[in-house]
Amino acid sequence: MKFIALRVRPSLVVHGYTPDNTEIVEHMDEAPFADKLVAIERIQSISDRYLLVTGSHGRVMYWEYEGGFDEVRRRLEQAGLLIA
């Protein structure tokens, strides 16, 4: 299993959907950033502000991260984990 070290904090957790297909979203309080080793296969996408990661019980989570998109992209590319 491959990991990437990042400073992240939770932002949103999607718990599922209502019968009318509306997301059930929990907005997280402003937690401080924390160092985490994130399993690469949990990452679904990366934007300028968020990592979209999978969680337990079919949940997806949006984590804010530090370092910037270009830095994360560079690190993934250097590790041979990015097809550009």
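The values are calculated or read from the model by the stated rules, or taken from the named source; none is laboratory data. These figures come from a predicted structure and were not determined experimentally. Don't worry about glycine lacking a Cβ; one is built from the backbone with ideal geometry, like all the others, and counts go over all protein chains shown. SASA here: full protein model, heavy atoms, side chains in, ligands and nucleic acids out. Shrake-Rupley method; radii C 1.70, N 1.55, O 1.52, S 1.80 Å.
Restricting attention to the stretch 1-35 and to residues that are hydroxyl-bearing (Ser, Thr, Tyr) and assigned to a strand (DSSP E or B), the residue that is surrounded by the fewest Cβ atoms within 10 Å (Cβ to Cβ) turns out to be Tyr17. Contact map, the stretch 7-32: residues that are in contact (Cβ under 8 Å) with a residue 24 or more places away in the chain and more than 16 Å from Met61 (Cβ to Cβ) paired with residues that are open to solvent by less than 90 Å² (accessible area, probe 1.4 Å) and not in a strand (DSSP E or B), Cβ distance under 9 Å, separation 6+ or inter-chain. No pairs are found.
Residue-wise test of (1) in a strand (DSSP E or B); (2) open to solvent by 70 Å² or more (accessible area, probe 1.4 Å); (3) hydrophobic (A, V, I, L, M, F, W, C).
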position: Leu37; (1), (2), (3): yes, yes, yes
position: Glu41; (1), (2), (3): no, yes, no
position: Gln44; (1), (2), (3): yes, yes, no
position: Leu51; (1), (2), (3): yes, no, yes
position: His57; (1), (2), (3): no, yes, no
position: Met61; (1), (2), (3): yes, no, yes
position: Glu64; (1), (2), (3): yes, no, no
position: Asp70; (1), (2), (3): no, yes, no
position: Leu76; (1), (2), (3): no, no, yes
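The residues listed here are Val8, Val60, Val13, Val25; of these, the one that is at pLDDT 95 or above and among the β-branched types (Val, Ile, Thr) is Val8.
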